[in-house]
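Some notes on the structure that comes next.
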């Protein structure tokens, strides 16, 4: 049985304050993350995440009506005005529905959940949009998980979650890992480490990505720290035409993930009209 809906009319309501903080990416003491928009809320429900609270406004009532049957009885359901919802939203054109969800748990072992794991490791990737896009590509091309090391934008921040289109709620994502410790763990687990480089390395199709592999993706401007790149087992460089020097971090990661999936014989989407 669905809990009663509580109507909120004050900007100072404690729930609104909590939504406002979460949807602006502020750290929550209980590990809750803010999800805005019907797509992310629905993905959280389908993924079985714990949702302590769900908030909708007059303009979002149609989304609430569609999702109501999926909402667990323990979730506190809140209704407010469009004006107050806009005061907590992080988007320019709010869709009138948001949720507070328990952040998905992930361990190192979950990243290696298959016999031939494929792990993406982000090192100091600072743009949350890039982080979210890489998470989405990682899921799309069959990666077993993604690790975001310290200094990388939070994969569960509102902007990164929107860019991932819900993939961060399904793909195992380990956030805040120490790069040296993580690389040691990967190497001890028999995972071959490939560093994406803009200066040197084999072309993607010349690199053996069929075995257990980890792809290191570095900062948008400076790439991987030299000590991290040197610690890799091999370097990969995506050839680009002059005068372009390198690709955007998310684009580079997506190209490498596509190549890994191709080598592994994964079911890749075929362009419309393709033979």
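As a proxy for reagent exposure, 159, 17 were ordered by neighbouring Cβ count within 10 angstrom, fewest first; the result is 17, 159.
Determine the relative contact order of the stretch 108-263: mean sequence separation of Cα pairs under 8 Å and six or more apart, normalised by residue count, in whole percent. In percent, rounded to a whole number, it is 27. Between residue 220 and residue 83, the FRET efficiency estimated from the beta carbon spacing at R0 = 41 angstrom works out to 0.65.
In plain terms, the chain from residue 14 to residue 93 could stretch by 26.1 nm, reckoned as 0.36 nm per residue minus the Cα-Cα distance. For the chain, the relative contact order is 18 percent, taking Cα pairs closer than 8 Å that sit 6 or more residues apart in sequence and dividing their mean separation by the residue count.
Based on DSSP, what percent of beta bridges with both residues in the stretch 108-263 are antiparallel, to the nearest 5? Numbers along the way, then the final one.
Working: 1 of 22 bridges.
In the stretch 108-263, approximately 5 percent of DSSP beta bridges are antiparallel ones.
Between 0 and 90 degrees, the angle of helix 179-188 with respect to the longest Cα principal axis of the chain falls at about 60 degrees. The residue 187 and residue 126 beta-carbon pair, evaluated with R₀ = 25 Å, returns a calculated FRET efficiency of approximately 0.45. Cβ crowding within 10 Å, taken as a proxy for footprinting-reagent exposure, orders 92, 50 from fewest neighbours to most as 92, 50. What label, among (1) 17.3, 53; (2) 20.5, 63; (3) 18.1, 62, belongs to Rg and Dmax of the Cα atoms in Å computed from the structure on display? Label of the calculated value: (2).
Overall, the anisotropy analysis places the stretch 1-143 in the prolate class: the square-rooted eigenvalues a ≥ b ≥ c of its C-alpha gyration tensor yield a/c not less than 1.5, with a/b exceeding b/c. Each residue, residue 200 and residue 114, gets one label point 7 Å from its Cα in the Cβ direction; the gap between the two is 3.2 nm. With an a/c value under 1.5 for the gyration tensor axes a ≥ b ≥ c computed over the alpha-carbon atoms, the stretch 108-263 is described as rounded. Given R₀ = 30 Å, FRET efficiency for residue 5-residue 248 by Cβ-Cβ distance, to 0.05? After rounding, the FRET efficiency stands at 0.10. In degrees from 0 to 90, rounded to the nearest 10, what is the angle of the helix 249-263 Cα long axis to the longest principal axis of the chain? Helix 249-263 sits at roughly 70 degrees to that axis. Just to confirm my numbers, what's the Cα centroid distance between the stretch 149-224 and the stretch 21-41 in Å? The stretch 149-224 and the stretch 21-41 have Cα centres spaced 24 Å from each other. Dividing the summed -39500 (n - 2.57) terms of all DSSP H runs of n ≥ 4 by the residue count of the chain sets its mean residue ellipticity at 222 nm at -9000 deg cm²/dmol.
Order these by the 10 Å Cβ neighbour count, fewest first: 93, 120.
93, 120
Take the Cα of residue 264, step 7 Å toward its Cβ, do the same at residue 241, and the gap between the two points is 3.1 nm. Note the angle between two axes, namely the Cα long axis of helix 128-140 and the longest principal axis of the Cα atoms of the chain, as a number of degrees from 0 to 90, rounded to the nearest 10. The answer is roughly 70 degrees.
Values in this text are rule-based calculations from the coordinates and carry no lab data. This one's a predicted model, so the numbers in the text were calculated from it and none came from an experiment. When we count neighbours, we look across all protein chains shown, and the Cβ atoms used for this are built from the backbone with ideal geometry, even at glycine.
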